[in-house]
1. Please tell me if Gly131 is modelled with pLDDT under 95 and of a type outside the set (A, V, I, L, M).
2. Would you point out which residue out of Gly122, Gly78, Gly54 is of a type outside the set (Lys, Arg) and at pLDDT below 95?
3. All but one of (1) touching a residue at least 24 places away in the same chain (Cβ under 8 Å); (2) open to solvent by less than 30 Å² (accessible area, probe 1.4 Å); (3) under 19 Å from Val40 (Cβ atoms) hold for Leu149; which doesn't?
4. Of all strands (runs of 3 or more DSSP E) completely enclosed by region 16-90, which ones contain at least 3 residues that are in contact (Cβ under 8 Å) with a residue 60 or more places away in the chain and either β-branched (Val, Ile, Thr) or open to solvent by less than 70 Å² (accessible area, probe 1.4 Å) (or both)?
5. Take the residues of region 91-100 that are within 11 Å of the chain's Cα centre (by Cα) and without any contact (Cβ under 8 Å) to a residue 24 or more places away in the chain: which is most open to solvent (accessible area, probe 1.4 Å)?
6. Of the numbered conditions (1) at negative phi; (2) polar (S, T, N, Q); (3) touching a strand residue (DSSP E or B) at 6+ places or on another chain (Cβ under 6 Å), Ser60 fails exactly one; give the number of that condition.
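The values are calculated or read from the model by the stated rules, or taken from the named source; none is laboratory data. Please read all numbers here as calculations on a predicted model, not as lab measurements. Here the Cβ positions follow ideal geometry from the backbone for every residue, glycine too, while neighbour counts run over all protein chains shown. Keep in mind that these areas ignore ligands, DNA and RNA; they rest on the heavy atoms of the full protein, side chains included. Shrake-Rupley method; radii C 1.70, N 1.55, O 1.52, S 1.80 Å.
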Amino acid sequence: MLTALLTAALIQIATPAPAPSPDLSWMAGYWLDCSGGGEVSETWSDLRAGLMVGHAVTISARGRPSFEVSHIVPTPEGLAYVAQPNGAPPTRFVLIESGANRAVFENAANDFPTRILYERAGDALYARIEGTIGGEARSMAWTFEAKPLNTRCPR
């Protein structure tokens with residue numbers, strides 16, 4: 001009996017604790033980009049039980065709407081950004097780099113994008129997607145400002 005208790009105790013001591021998830025709370029909020037004659041808003045929830053939920057609404061300069069529903073969640077591969085643009089099936093991007101105000105997610109098997117980057121500086125949130133299209137490196141970038149919920153761009 002004593003041997004079994006000691007063995008169980010040693011197993012608990014020898015088993016490493018799971019690594020803490022990076023703190024992405026700096027992404028939470030309502031973010032707005034009014035550049036280029038269009039309007040892009042992203043909303044991210046705070047972290048709850050390891051889950052953050054986001055959605056984006058884009059109105060192009062021509063007035064065409066699009067949307068994306070996404071979430072960030074722990075997975076067996078690590079923290080992952082799961083994107084569903086315009087209701088498409090979910091695509092998972094695993095966190096490959098993080099810092100106090102920066103996160104980089106990657107899915108090398110995805111057509112475009114293969115990387116999603118977020119970085120915060122004060123009241124600005126920078127987002128960028130990268131990848132290749134037809135063998136050429138491509139990217140898209142947004143500079144969001146922190147705004148009250150549902151603020152719109154001036155017209």
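1. For Gly131, the condition - modelled with pLDDT under 95 and of a type outside the set (A, V, I, L, M) - is not met.
2. Gly78
3. Condition not satisfied by Leu149: (2).
4. 29-33, 39-44
5. Once the filter is applied, the top-ranked residue is Arg92.
6. (3)
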